[in-house]
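The structure appears below as structure tokens.
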Amino acid sequence: MNATVSQTGKDLERAFLILDEAEHDVPAREALLDRAMGEGRRRKSSEKLRRGRIPSAGLAFAARGEDGTLLGTVRLWDIRAGRDGSGVPVPALLLGPLAVDPSAEGLGIGSALMRHAIAEAARLGHGAILLVGDLEYYARFGFSGEKVASLAMPGPVERRRFLALELRPGHLDDAHGILSPSGRRAASESQALRLTA
């Protein structure tokens, strides 16, 4: 599903289009992530849940400028949010990375990508989205730390930055334990590099 968004500033109008990510986006996406997040991005705890996996079906998006330039990216990944009270794995999504090219910050691209990703995840029937990020930014989309009190990342994380949004009320009520990957594995190491880096 695609969405067109126009952002108006003082004397600036900049339109961008949110599209499903395509394989030809990989080099531009990797360069954008390096610019926006730096070299340490591959050492984050979230990476343990993405490594060797493919993003959740239909949940990898790119924001492109009118000239086709990649301006932003967001992806969601299938995970298990621990187990419920009966010991059954709780399916959920992990959001990240969300990144906007530094040259396009302040134009609403990140917010548009977030709204689009959340709406698509809900439309596809997912129960919850988890992420590691600043509450000051993600609270506007409904994320909070309430539903992750009994959950943990598979590595170090600042607890106040571990957040969740339920798409179906009560989905995470009994969830407890450590997050683990559940998404489709990449068919090869080169595919994993193309799709998960």
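With respect to Glu66, is the statement that it is at pLDDT below 95 and more than 19 Å from Ala152 (Cβ to Cβ) true?
For Glu66, the condition - at pLDDT below 95 and more than 19 Å from Ala152 (Cβ to Cβ) - is met.
Name the single residue, out of those in region 24-56 being free of Cβ contacts under 8 Å to residues at least 60 places away in the same chain and of a type in the set (A, V, I, L, M), that is nearest to Val157 (Cα to Cα).
Among those that are free of Cβ contacts under 8 Å to residues at least 60 places away in the same chain and of a type in the set (A, V, I, L, M), it is Ala31.
Please specify each residue of region 52-61 satisfying the condition of being of a type in the set (A, V, I, L, M) and modelled with pLDDT of 95 or more.
Listed by number, the residues that qualify are Ala57, Leu59, Ala60.
With respect to Leu130, is the statement that it is of a type in the set (A, V, I, L, M, F, W, C), under 16 Å from the mean Cα position of the chain (by Cα), surrounded by 14 or more Cβ atoms within 10 Å (Cβ to Cβ) and farther than 21 Å from Ile18 by Cα true?
Here the answer is yes, as Leu130 does meet what is asked.
Here is a yes/no grid of residues against (1) over 25 Å from Ala186 (Cα atoms); (2) modelled with pLDDT under 95; (3) in contact with a strand residue (DSSP E or B) (Cβ under 8 Å, 6 or more places away or on another chain):
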site: Leu76; (1), (2), (3): no, no, yes
site: Arg83; (1), (2), (3): no, no, yes
site: Val90; (1), (2), (3): no, no, yes
site: Ala99; (1), (2), (3): no, yes, yes
site: Pro102; (1), (2), (3): yes, yes, no
site: Leu107; (1), (2), (3): yes, yes, yes
site: Ala117; (1), (2), (3): no, no, yes
site: Leu124; (1), (2), (3): no, no, no
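Based on what the data block shows, is Leu163 closer than 23 Å to Leu19 by Cα, surrounded by 20 or more Cβ atoms within 10 Å (Cβ to Cβ) and in contact with a Ser or Thr (Cβ under 8 Å, 6 or more places away or on another chain)?
In short, no.
Which members of region 98-144 meet the condition of being assigned to a helix (DSSP H, G or I), among the hydrophobic types (A, V, I, L, M, F, W, C) and without any contact (Cβ under 8 Å) to a residue 40 or more places away in the chain?
If the condition is that a residue be assigned to a helix (DSSP H, G or I), among the hydrophobic types (A, V, I, L, M, F, W, C) and without any contact (Cβ under 8 Å) to a residue 40 or more places away in the chain, then Ala119, Leu135, Ala139, Phe141 are the ones that fit.
If you check Leu71, Leu59, Leu113, which single one turns out to be touching a strand residue (DSSP E or B) at 6+ places or on another chain (Cβ under 9 Å), buried (at least 17 other Cβ atoms within 10 Å of the Cβ) and closer than 14 Å to Leu167 by Cβ?
Leu59
Filter region 35-47 down to residues that are at pLDDT 70 or above and surrounded by 14 or more Cβ atoms within 10 Å (Cβ to Cβ), then give me how many there are.
6
I want to confirm something. Restricting to region 133-160 and keeping residues that are of a type in the set (Phe, Trp, Tyr) and over 20 Å from Pro91 (Cα atoms), which single residue is surrounded by the most Cβ atoms within 10 Å (Cβ to Cβ)?
Filtering region 133-160 for residues that are of a type in the set (Phe, Trp, Tyr) and over 20 Å from Pro91 (Cα atoms), the one surrounded by the most Cβ atoms within 10 Å (Cβ to Cβ) comes out as Tyr138.
Among the residues in region 27-49, are any in contact with a helix residue (DSSP H, G or I) (Cβ under 6 Å, 6 or more places away or on another chain), part of a loop (DSSP other than H, G, I, E, B) and on the phi > 0 side of the Ramachandran plot?
no
The values are calculated or read from the model by the stated rules, or taken from the named source; none is laboratory data. The structure presented is a predicted model; accordingly, all values stated were derived computationally and were not measured. Reconstructed Cβ throughout: ideal geometry from the backbone, glycine too, with neighbour counts over all protein chains shown.
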